[in-house]
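The values are calculated or read from the model by the stated rules, or taken from the named source; none is laboratory data. Just so it is clear, the structure is predicted and the values come from calculations on it, not from any experiment. Note that we place each Cβ from the backbone using ideal geometry, even for glycine, and neighbour counts take in every protein chain shown.
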Amino acid sequence: MPTKGNTRTKVLLLAFLTLSWTALPGSEQGNPEHQRLSMALQQYQRIANSGGWPSVPAGPTIRPGSRDPRIAILARRLATTADLESASPEFTEYDAELQAAVVRFQSRHGLEQDALVGRATLRALNVSAHERSAQIRRNLERTLQVFDPARPSFVLVNVPAFEVYLVRDGETAWSGRVVVGETEAETPLFESAIKSVVLNPTWTVPRSIASEELLPKIQKDPGFLARGDYELRNSDGSPTDPAKVDWASLSRNVFPYTLVQRAGPLNELGRVKFLFPNEYGVCMHDTPKKHLFAIDSRAFSHGCIRLERPIDFAVALVETEGWTREQVDAQLETGQTHAIQLAEPVPIIVTYLTAVVDETGTVFFYRDVYGMDR
């Protein structure tokens, strides 16, 4: 039984990144990723013009060892995109060879690599060659806008892949999983520069969240603020006693207070946040909700970017300021809020690539989580 994970996906994406930032801005000839996407487009157009690949009919989940009349069709489908070496008519059982091909397909499409051909995998299998060609075409222009040889060090967040990369002097120094904004609160796409790393941050709750999401909880449970380690502040910023507030009189439109969550294990920003100026009020930060990183499609936040291994990322950034892992850990242990300013801010690019190609020509597709390809 193939193991779960996305190790191959990560390795191939790192290879894709390493080659891509040697591109000349606006130059197709100097942009390796653009060239590979162009070649992939030709490949998928040839498949489409030849009739495409067969559609795998709906049905119960195909599991290891299953005997299913759709297995021969599944094999032909996977062979069309070289996930399976060849589609022998002898495929009547979902054996180890075919499972490995499915896992390869799943890794190329941002799916859980469990070798189960369920609804999500079936849906990806049945996206037509014409649709995949159109998806590649949409990403050709995006690649020209992202990479710039004058910017050898930067942070790249690819929203549809739910991944972040730290590139330093043209080499990938760190990478990890992220949670991005849900479809009702999309993470915006922009460029900025990380200027500071804040250890043990406090969280000033945005008014919309405070009045729409937290106020009903406070009205139902007076102890909510104390248990969450929140401080209530008046409009002038001074602390006030929650017990003296007539909570029943407040509403979404009437909320003259600010909620500030103190630094600590309950803080929604976790133990570290990364600040970069932008008009959207978005930052990157830790989160106590670690279970979300086990989910393949990680669109759950209000727009900010949550990191799975933020301390490692923080160390990778602040080591240029003379900070060691031991010093970072020691500062975190104090519980005191401390901001580390970066002498040279690190560019950050939040982008939207739903199709990328590695140096071997392997094509990766990601779900169009925000519908931008449409």
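From the list Ala243, Ala314, Ala248, Ala294, the lone residue that is assigned by TED's automatic domain parsing to the domain that holds Phe224 and over 18 Å from Tyr230 (Cβ atoms) is Ala248.
Within the set Leu78, Leu156, Leu166, Leu84, the sole residue that is crowded, with 19+ Cβ neighbours inside 10 Å, more than 26 Å from the chain's Cα centre (by Cα), not in a loop (DSSP other than H, G, I, E, B) and not polar (S, T, N, Q) turns out to be Leu78. Looking across the stretch 243-268, just one residue is basic (Lys, Arg) and outside any loop (DSSP other than H, G, I, E, B), and that is Lys244.
To keep it simple, each residue is scored yes or no on (1) buried (at least 18 other Cβ atoms within 10 Å of the Cβ); (2) over 24 Å from Arg262 (Cβ atoms).
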site: Leu307; (1), (2): yes, no
site: Ile311; (1), (2): no, no
site: Ala314; (1), (2): yes, no
site: Thr320; (1), (2): no, yes
site: Ala330; (1), (2): no, no
site: Gln336; (1), (2): no, no
site: Ile340; (1), (2): yes, no
site: Pro345; (1), (2): no, yes
site: Tyr352; (1), (2): yes, yes
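Of the residues Arg374, Arg367, which is more than 23 Å from Arg262 (Cα to Cα), surrounded by 17 or more Cβ atoms within 10 Å (Cβ to Cβ) and among the charged types (D, E, K, R)? Result of the check over Arg374, Arg367: Arg367.
Regarding the stretch 269-277, can at least one residue be identified that is surrounded by fewer than 18 Cβ atoms within 10 Å (Cβ to Cβ) and part of a loop (DSSP other than H, G, I, E, B)? Within the stretch 269-277, one or more residues are surrounded by fewer than 18 Cβ atoms within 10 Å (Cβ to Cβ) and part of a loop (DSSP other than H, G, I, E, B).
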